[in-house]
Amino acid sequence: MGGGVGVEIREPLVVRADRWVREEGIQNLHYVSGNINVSIESLLAAYAGPVDLVSVLMPDPWFKNRHKKRRLLQPVLVEQIAHRMKPGARFFVMSDVKEAAEEMVQILDASSAFSSWDGKWAENPLPLGTEREISCMSRGEPIYRAIFTRV
């Protein structure tokens, strides 16, 4: 299995996530602090080889209309990432906010770099859930997940 890099804008969460993967003995997963929309080019340039999996997990939904431009997944970011993904690679998105999940699906579905969405919410393809995901599920709240494939 290849390595992974997690990007999180909040430094304390990066420190905590790195501690957890070390405690679990995971050697091929690392976290960095940064704004992915600002630093994507330098991160991708430093990553050797094609990207096999991209996951956007529970991004801030930015509910107010004037703040929606701050949402993590933007068409430009999708295209920058798609350029480094090999055919067959997966792009996984997940949110507990249906509107945010639907917007991510619309952005990915509009990209010619990915397969069309089948209209069905998916199961989590990752071996572990996020804290937020586990918390929501324990309260019986829905989680919205979709998986796209690089064509």
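The values are calculated or read from the model by the stated rules, or taken from the named source; none is laboratory data. None of the values given here were measured: they were computed from a predicted structure. Quick reminder, even Gly has a Cβ in these numbers, built from the backbone with ideal geometry, and neighbours come from all protein chains shown. Note: areas computed on protein heavy atoms with side chains; ligands, DNA, RNA excluded. Shrake-Rupley method; radii C 1.70, N 1.55, O 1.52, S 1.80 Å.
Here are the numbers:
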{"item": "Distance from the stretch 24-42 to the stretch 126-151 (C-alpha centre basis), Å", "result": "20 Å"}
{"item": "Cut-off under 5 Å, modelled amide H: who pairs with Val56 long-range", "result": "Phe92, Val93, Met94"}
{"item": "Net charge of neighbours whose Cβ lies under 13 Å from the Cβ of Ile40, counting Lys and Arg as +1 and Asp and Glu as -1", "result": "-1"}
{"item": "Estimated FRET transfer efficiency when R0 is 25 angstrom, pair Ser135-Gln106 (beta carbons, to 0.05)", "result": "0.45"}
{"item": "Within the stretch 77-97: backbone nitrogen closer than 15 Å to the Ser115 label point (7 Å, Cα to C-beta)", "result": "86-93"}
{"item": "Relative packing of peptides 94-105, 48-59 - highest average C-beta neighbours within 10 Å first", "result": "94-105, 48-59"}
{"item": "Estimated dipole of the chain in Debye, rounded to 20 [Cβ of Lys and Arg +1, of Asp and Glu -1, Cα centre]", "result": "320 debye"}
{"item": "Expected 222 nm ellipticity per residue - DSSP helices of 4 or more, -39500 (n - 2.57), all of the chain, to 500", "result": "-11000 deg cm²/dmol"}
{"item": "Accessible area of the chain belonging to carbon and sulfur atoms, whole % at 1.4 Å probe", "result": "55 percent"}
{"item": "Packing-based ranking, highest mean first, of 142-150, 35-43 given that Cβ atoms within 10 Å are counted", "result": "142-150, 35-43"}
{"item": "Segment Asp60-Asn35, extension gain: residue separation times 0.36 nm, minus the distance between their alpha carbons", "result": "7.7 nm"}
